[in-house]
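Everything on this sheet refers to the single structure shown next.
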């Protein structure tokens, strides 16, 4: 009887030992699969996280440059005071290109960037991107950033103008409508097309934003 009990104990010992070995082996083999499981989320890329933290939500998008239609990331203008304007080549306010360029040249060292978005929403910008670029350079010597022709109002408006309209509660009513954006991208003021770039009230609002770091 004693020998029989010893035999059962011996068999039980090896059974449990085999079971544990099988379990540990299964867990070891499953390790790589578990590491690749979608349920395990990898940490955000540090560069992407830093960019998101430094770049205002308003600027986290890109547009094609007017001259060569190459994508331009608006995050490159983070920390700048922005003057966003929808432009047109055949408008009564087209002369404002000259004032916008003068404003850009005067205040760029203090952090101002003028961003021009040609639009045919008011049927006064019918040319191609190349024609618009040539007109701006040859007629007004425009040096501030210009982007490919786009829509700036209604359901077809580009994402930037949709956000500007949402923030201010007003969409462009005509060409050369102006949005003045603070360095952090959180404060936006809208100015009618008739407000010239050198208008004292406009320049005052600009100076306030430029003086805020």
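The values are calculated or read from the model by the stated rules, or taken from the named source; none is laboratory data. Everything numeric in this text was worked out from a predicted model, so none of it was measured. Positions of Cβ are generated from backbone atoms using ideal geometry, with glycine treated the same way; all protein chains shown enter the neighbour counts.
Consider region 144-158 and keep the residues that are out of contact with any strand residue (DSSP E or B) (no Cβ under 9 Å at 6 or more places or on another chain) and touching a residue at least 12 places away in the same chain (Cβ under 8 Å). The one that is farthest from residue 63 (Cα to Cα) is 154. Of the numbered criteria (1) closer than 20 Å to residue 100 by Cα; (2) crowded, with 19+ Cβ neighbours inside 10 Å, the one residue 201 fails is (2). For region 74-126, a tally of residues being closer than 16 Å to residue 58 by Cα and without any contact (Cβ under 8 Å) to a residue 12 or more places away in the chain returns 1. Selection over region 168-181 of residues that are free of Cβ contacts under 8 Å to residues at least 24 places away in the same chain and touching a strand residue (DSSP E or B) at 6+ places or on another chain (Cβ under 7 Å) gives a count of 2. Checking residue 207 against (1) free of Cβ contacts under 8 Å to residues at least 40 places away in the same chain; (2) more than 25 Å from residue 92 (Cα to Cα); (3) within 16 Å of the chain's Cα centre (by Cα), only one condition comes out false. Which one? Every listed condition holds for residue 207 apart from (3). The set of residues in region 138-156 being surrounded by 14 or more Cβ atoms within 10 Å (Cβ to Cβ) and either farther than 20 Å from residue 70 by Cα or more than 25 Å from the chain's Cα centre (by Cα) (or both) consists of 140, 153. Number of residues in region 79-112 that are buried (at least 18 other Cβ atoms within 10 Å of the Cβ) and either touching a strand residue (DSSP E or B) at 6+ places or on another chain (Cβ under 6 Å) or farther than 21 Å from residue 139 by Cβ (or both): the value is 12. Might you check whether a residue that is at pLDDT 95 or above and under 20 Å from residue 189 (Cα atoms) occurs anywhere in region 124-136? No: zero hits.
In this structure, is residue 134 in a helix (DSSP H, G or I) and under 12 Å from residue 84 (Cβ atoms)? No.
On inspection, residue 179 passes the criterion of being surrounded by 15 or more Cβ atoms within 10 Å (Cβ to Cβ), assigned to a strand (DSSP E or B) and either at pLDDT 95 or above or not assigned by TED's automatic domain parsing to the domain that holds residue 81 (or both).
All but one of (1) under 24 Å from residue 57 (Cβ atoms); (2) without any contact (Cβ under 8 Å) to a residue 40 or more places away in the chain hold for residue 184; which doesn't? If we test residue 184 against (1) under 24 Å from residue 57 (Cβ atoms); (2) without any contact (Cβ under 8 Å) to a residue 40 or more places away in the chain, just (2) comes out false.
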